[in-house]
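Worksheet: one structure, shown below.
What follows draws every value from the coordinates through simple rules; no lab data is involved. Since the structure is predicted, the reported quantities are computational estimates derived from the model, not experimental observations. Please note: Cβ atoms are built from the backbone with ideal geometry, for glycine as well, and neighbour counts cover all protein chains shown.
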Amino acid sequence: MEGSLKSEIQAVLFDLDGTLLDTSEDFVHTLNTMLREDNYQPLPAEVIRANVSNGSRGLITLGYGLQPNEPGFDTLRNRLLVNYETHTANPQRKKPAVLFEGIEPLLAAIEARGLPWGIVTNKPRPLTLPLLDQLGLSERCSVLVCPDDVKKSKPDPESLWQASDILSCDPSTCVYIGDHERDIQAGHSAGMVTVTALYGFIAPEDDPDTWQADYNTESPQGLLEWLDECDWNLPG
């Protein structure tokens, strides 16, 4: 980013899957279990991982080759969601969701400065809360906005505006980090500073450079270094 510094950062907001948490193993297990049950060939973990940010609809298309308007699609998607909820409700599962490497020091640095951080996700609240509880994030997270809370989810900016309203922050003083084009679109529309998490669930055919985020980071550590370099101020 270039330009003069205009104001101090007042809040840092994260997308959930592929940005704050590595939830890929939960999706790999859930989708491949379904595919095996239905006599389909399981998919490589890295293929599923790259498509997690496309949501449950994208995973059904990936695994079964069905489009949302085709017969049977909604039944499979609902089954995927139910199975995912059942699987992730078990904190003792073999490969649970984890914070991406470098996220904990980043959160600690945000908190040390007395700044709130929050989550704005397209993941339904009933599927989000167990993960936050299991990782001890529920009490630390200052705001959580899910699609259940708004009329229009990302890429619409409504959920980001709601988060900034709850935090009593002007959107222009907030940073939003995500790993999907819709995250950057929503952030731009909301008037926030946007950051692409290049370490997240980005499909090989995607080109994050075309998303025109204000900043791209290869790692949470890289984002923390950038924030320190800017002295936690927003470039103008």
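Of note:
- Cα-centre dipole for the stretch 61-145 with unit charges at Cβ (Lys and Arg positive, Asp and Glu negative), debye to 20: 140
- Against the main long axis of the alpha-carbon atoms of the chain, helix 55-64 sits at an angle near 30°.
- Net charge contributed by nearby residues that have their C-beta within less than 14 Å of ASN54 (K/R +1, D/E -1): -1
- Overall shape of the stretch 24-88 was characterised from the C-alpha gyration tensor. The equivalent ellipsoid obtained from it has semi-axes of 16, 13, 12 Å, in decreasing order.
- Applying Stokes-Einstein at 37 °C and 0.692 mPa s to the Kirkwood radius of the chain, computed over alpha-carbon pairs, gives a translational diffusion coefficient of 180 µm² s⁻¹.
- Trypsin sites (Lys or Arg not before Pro), loop per DSSP, at most 16 other Cβ atoms within 10 Å - longest free stretch of the chain: 1-92
- Extension gain, ASP38 to CYS141, is 33.2 nm, computed as 0.36 nm per intervening residue step minus the present C-alpha separation.
- The mean sequence distance of close C-alpha pairs (under 8 Å, at least 6 residues apart), as a share of the length of the stretch 3-85, puts its relative contact order at 26 percent.
- Relative contact order %, the chain, counting alpha carbon pairs below 8 Å whose residues are six or more apart: 29
- Reported to the nearest whole Å, the Cα centre-to-centre distance from the stretch 26-70 to the stretch 103-148 is 26.
- In plain terms, the residue of ILE184, ILE166 with the fewest other Cβ atoms within 10 Å comes first and the most crowded comes last, giving ILE166, ILE184.
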